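Report on the following structure.
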């Protein structure tokens with residue numbers, strides 16, 4: 001039987017989006033989560049507990065650490081700070097401990113898992129080929145999954161000095177990516193707060209035997225997450241941005 005792994009990032013306390021992804025991706029062997037399980041959204045405990053109910057591997061993200069006072073929020077915008085403080089007040093003791101114990105980096109076979117980048121796993125954004133090129137020397141596996149930007153992207157290392165970015169086709173469902181002999185940096189996009197002008201939850205399915213990735217988007221009832229955010233008193237800008245994918 002072929003084994004598939006669900007690769008997700010930036011769930012951001014959006015259980016409605018996370019459940020849509022889980023339903024759309026099934027069946028899969030386990031979840032590989034690239035951090036920021038919490039932050040911004042209205043259901044931090046529920047998202048952590050849903051993840052923990054599955055076979056999973058997970059690394060820490062900056063909003064995860066902010067929610068347990070492990071990271072200074074001085075570089076956060078005011079809305080993000082407010083959401084982090086709200087999340088901090090919601091977390092159960094058990095879920096606080098879960099976040100506290102998340103590693104910054106994991107290696108699963110040929111794959112490295114980080115949130116920001118292999119060079120700076122918690123905070124660095126990989127947003128263009130120049131930053132990607134500087135990061136290929138910072139991991140030893142053939143492939144590295146990262147998140148943090150909330151935008152799906154692929155960077156290929158063609159040689160030691162260069163990198164090349166391949167944009168995923170916009171709004172195209174079930175695009176298959178073949179992992180060849182090059183080294184790769186791969187971002188599956190954001191589940192709970194996409195920022196590529198597409199409000200649908202973004203994720204990837206990995207088939208390690210066939211060396212393929214399947215890129216997917218799935219719709220979810222954004223208005224339900226927005227209703228919960230308003231009821232929790234979270235910042236209006238965070239509520240509104242979900243329907244626009246930014």
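Please treat every number below as a calculation from the coordinates, not as lab data. These numbers come from a predicted model, not from an experiment. Note that each Cβ is placed from the backbone with ideal geometry, even for glycine, and that neighbours are counted across all protein chains shown.
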With Cα coordinates, the longest principal axis of the chain makes an angle with the long axis of helix 78-90, in degrees rounded to 10, of 70
Gyration tensor on Cα atoms of segment 82-133, a ≥ b ≥ c root eigenvalues, a/c under 1.5 rounded, else prolate if a/b beats b/c, else oblate, says oblate
The exposure ranking of 241, 197, fewest beta-carbon neighbours within 10 Å first, is 197, 241
In segment 5-241 the DSSP beta bridges are antiparallel at a rate, in percent to nearest 5, of 65
One finds, for residue 181 and residue 23 with R0 = 51 angstrom and r their Cβ-Cβ distance, a FRET efficiency to the nearest 0.05 of 0.90
In nm, the gap between the two label points placed 7 Å beyond Cα toward Cβ at residue 104 and residue 141 is 1.8
If one compares the long axis through the Cα atoms of helix 15-25 with the longest principal axis of the Cα atoms of the chain, the angle in degrees, nearest 10, works out at 30
Neighbour-count ranking for 128, 178 (other C-beta within 10 angstrom, fewest to most) reads 178, 128
Quick note on 9, 202, 137, 157, ordering by fewest other C-beta atoms within 10 Å, gives 137, 157, 202, 9
Scoring segment 1-58 by relative contact order with C-alpha pairs under 8 Å, at least six apart, yields a percentage of 43
Over the chain, the sum of -39500 (n - 2.57) across DSSP H runs of at least four, divided by residue number and rounded to 500 deg cm²/dmol, gives at 222 nm -8000 deg cm²/dmol
With the 8 Å Cα cutoff and a minimum separation of six or more residues, the chain has a relative contact order in percent of 23
Relative contact order in percent for segment 88-157 (Cα pairs under 8 Å, 6+ apart) equals 30
To the nearest 0.05, the calculated FRET efficiency linking residue 223 and residue 69 through their beta-carbon distance, R0 being 22 Å, is 0.10
Taking a ≥ b ≥ c as the square roots of the eigenvalues of the Cα gyration tensor, with a/c under 1.5 meaning rounded and otherwise prolate when a/b exceeds b/c and oblate if not, segment 41-134 is oblate
Taking Cα atoms only, helix 222-232 is inclined relative to the longest principal axis of the chain by an angle, in degrees rounded to 10, of 40
